[in-house]
1. In peptide A:52-63, how many Cβ atoms from other protein chains are near each Cβ within 10 Å, on average?
2. May I ask you to evaluate 6.51 cos²θ - 1.76 cosθ + 1.60, the Karplus curve with θ = phi - 60°, for each residue of the stretch B:226-241 and list the ³J(HN,Hα) values in order in whole Hz, giving x for glycine and proline?
3. Is it possible to state the helix-based mean residue ellipticity at 222 nm for chain A, with each DSSP H run of 4+ residues giving -39500 (n - 2.57), the sum divided by total residues, to the nearest 500 deg cm²/dmol? What is it?
4. What ranking do B:41-53, B:115-127 get when scored by the average of other Cβ atoms within 10 Å per residue, highest first?
5. So how strong a dipole does the stretch A:9-81 carry about its Cα centre when Lys and Arg Cβ are +1 and Asp and Glu Cβ are -1, to the nearest 20 debye?
6. Could you list which residues have their amide H under 5 Å from that of A:VAL60, counting only those 5 or more apart in sequence or on another chain, with H placed in the peptide plane?
7. Can you run the Rg to Rh ratio on the stretch A:9-81? Use alpha carbon positions and the Kirkwood inverse-distance Rh.
8. Aspartates and glutamates within cross-link reach of B:LYS215: Cα-Cα under 12 Å, excluding same-chain residues under 8 positions apart?
Amino acid sequence: MSGAGEPEVRLLGSWASPFVLRVMVALRLKVVEYEMQQETLGNKSELLLRSNPVHKKIPVLLHNGKPISESLIIVQYIDEIWASTPAILPSDPYRRAVERFWGEYIGDKFSQVIRVLRGSVPGDKDKMAGEMFTALQYLEEAFVSCSQGKQYFGGDSISYLDIAAGSHLAWIKAVEKISGIKLLDEARFPNLFAWADRFCAHPAVVDVMPDPDKLVEFTVKHAAMCAPK
Amino acid sequence: MEKQENGSEAPAPEPELKLYGSWASSYTHRVQLALRLKGLEFEYAEEDLGNKSEALLRHNPVHKKVPVLLHRGRPLAESVIILQYLDDAFPDTRPLLPSDPFLRALSRFWCHFADDKLGPAVGAVFASTGKEQEEAVRQVHENLAMLEAELREGEFKGRRFFGGDRVGLLDVVLGCGSYWLAVFEEVTGVRLVDADAFPLFHAWLRDFEAQEEVKETIPSVDRLLEYARGLRQMLLALAAGAGDGGSTGVPVSSAVDAPVAAAPPAPAPAAAAVDI
């Protein structure tokens, strides 16, 4: 039972984080009210450090004060607690495993590529672009197989994999601008390209998906902050 | 098998469950243990990681790794995903995950911690020497301290196992991997799990290893020691050959698939409040 004035659901996060976005989309999909606490770069709140002492990272969901960390774990928690439709994870066990598999692979791969292409970590940009194309090819095939001709990986409604992959779309567009390399190319990945627009326009997504231009600005600002003195 | 009219025997039916694994792979052990705990029969195919079968590569083209579980011919990869699948697909068997959503989330969190932090740190101790090894040992201790704190003060406080009175998902994931700690200690001469420093973790591991199904699954200490000694020699030779003071980069991948990820952990990126 939360104390007077304490929100039942609080999210520690940032507008720019694709991991936080996953949680926001899941909450919005389930029509769950939440309060967002924006964490500032380089100045982690006491609450964050206390709630996620192991990794000290966002997102953290506080449900009646209890902390849950790691974006995809939080998404599954949301699906289990607010078990009404729409379901986020598919009900079929094999489909569930398939979505978990791609969710993990794509999430890791996209983050890795984005970090290098925006210059946060050193790396071979061409090699990363190559790895991205491989990943997108897998995802294109997975989309055809999962969607069965429908709008999303989840079919008629967005599912775990839509959220896991779609959360990175703004950053993908941002690094395309920063690096000058076209990643989600319509000719190469026609199904994903069309899905990307649909996902970004989805009611649970549209108000919280960041503007890629703002992410480019963010990158420039962050690089200046981290520049050697 | 029934004899057909022409006198030949009908082919044996495809097993419902078939596991591709490697005898020294803790990830493989997780799945074997889970299947045993659930009382599920399965066919096992040993993979030579230095010469992977066409079937394995076809069933897991993305990672090309063991374990892969086939259920009615459909492949599943990644041990933690396979374990959760077993709960979903065989709901009448003993569940691995708890039923409470918060405990489920916590179990998943620590499984990820085991694979993302503890495993690589232990692998790094094993693959390095000198100053680099000291740093790796420090990280292992830091990670074990977090687990110890969770057992002492967190939601799992007072339990015999993370799963409660009986072994569950987190016990399987953490346990199949932790048996390497004593083996690595023996081979490297480095102390990793001090019973005084980590009394609850130490007690939990001892209880885990005493479970019948665990004893049936984990190879004998002698086999593990022999394997680890060979691997350690090879890793050190590679490091010496690389001539860069001990950093092994990516060792022979087939051998490394087996115990834990033996590549040294990547340098920690500058701490940011925003994980983007």
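1. Details: counts 1, 2, 9, 6, 4, 6, 5, 1, 0, 1, 0, 3.
Whole-number average of other-chain Cβ neighbours for A:52-63 is 3.
2. Whole-Hz 3J(HN,Hα) from phi for the stretch B:226-241: 4, 4, 5, 4, x, 5, 4, 4, 5, 5, 5, 5, 4, 4, 5, x.
3. Details: 9 runs with 122 residues, N = 229.
For chain A, the value works out to -17000 deg cm²/dmol.
4. Ranked by mean Cβ neighbours within 10 Å, highest first: B:115-127, B:41-53.
5. Working: 9 positive and 7 negative charges, 28 e Å.
Dipole magnitude for the stretch A:9-81 comes out near 140 debye.
6. A:LEU12
7. Using Cα coordinates only, the ratio equals 0.92.
8. List returned: B:ASP207.
All of the numbers you see were taken from the coordinates with simple rules; none came from a lab. Since the structure is predicted, the reported quantities are computational estimates derived from the model, not experimental observations. When we count neighbours, we look across all protein chains shown, and the Cβ atoms used for this are built from the backbone with ideal geometry, even at glycine.
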